[in-house]
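Report on the following structure.
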Amino acid sequence: MPLPPIGLDMDGVIVSPPLGWNFSISRRLDVPPLTVEERALAGSVHQGEGPRGLRKLITAARYAFRRPLPQVREAIAELATKRELHIVSARSAANRGYVQRWLAAEGLAPHITAIHLNAAGLEPARFKLAALLSLGIAEHVDDDGATAYYLATQAGINVYLCDWPRNRDLAYPATVRRVPGLHAVAPLLIDLRPGHCTPD
């Protein structure tokens with residue numbers, strides 16, 4: 001039986017933020033609905049060159065010194081037994097090579113089915129919603145409060161929200177479930193392999 005897909009954000013879910021401080025989380029709850037054009041753009045694939053010059057050096061350094069969050073390797077391996085794993089990140093699609101090399105270097109690449117990055121330049125929450133809808137993905141793991149709220153309210157997507165101080169105390173709908181980290185997601189998922197039961 002094919003496994004159902006799940007989306008995984010990168011920063012704050014898989015990758016540790018710089019110095020461990022996750023300041024990039026948005027608390028905006030008024031992101032406007034997607035347009036038809038934006039939904040179409042999210043499916044585009046970036047085929048051009050990556051960053052150049054100083055920007056290339058900065059980008060390379062950014063990826064070189066980032067590490068997975070605690071228990072992420074084990075979490076990814078366990079999740080891959082229950083779901084088809086899709087990276088859905090608002091990082092620029094120009095950085096695809098860096099993302100692929102980072103996942104490979106950390107031993108995570110064999111578990112990842114596909115990588116979907118932002119080739120359209122859309123706001124993160126809007127890109128992720130458009131990408132998930134185009135891929136038919138109904139579950140997603142994220143750290144961003146605005147994104148979690150947007151995915152849940154605009155499309156009823158089940159969001160597992162990794163706990164960070166900046167995403168607390170927002171009025172999330174019932175389809176947003178807070179978890180201490182990626183390692184806590186797999187035990188909450190229904191295992192659809194033959195002979196396995198749903199969790200209590």
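Rule-based calculations on the coordinates, nothing more; no lab input. Given the structure is predicted, the values throughout are model-derived calculations rather than measurements. Please note: Cβ atoms are built from the backbone with ideal geometry, for glycine as well, and neighbour counts cover all protein chains shown.
Brief remarks on what is shown
- Alpha-carbon centroid distance for the pair segment 70-138 / segment 22-40, whole angstrom: 18
- Residue order, fewest to most surrounding Cβ atoms within 10 angstrom, among M1, M10: M1, M10
- Placing dummy labels 7 Å off each Cα toward the beta-carbon, the span from A174 to R28 is 2.9 nm.
- Net lengthening on full extension, Q71/A109 (0.36 nm per residue, minus Cα-Cα): 12.1 nm
- Compared with the alpha-carbon gap, the fully stretched path from L3 to E84 is longer by 28.6 nm at 0.36 nm per residue.
- Rounded, prolate or oblate (a/c below 1.5 giving rounded, otherwise prolate when a/b exceeds b/c) for segment 84-200 by Cα gyration tensor: oblate
- For the peptides 21-34, 151-164, 96-109, residues were scored by their other Cβ atoms within 10 Å and the scores averaged per peptide; the highest-first order is 151-164, 96-109, 21-34.
- From phi via Karplus (6.51, -1.76, 1.60), per-residue ³J(HN,Hα) for segment 93-101 in Hz, x at Gly/Pro: 5, 5, 9, 3, x, 5, 4, 4, 5
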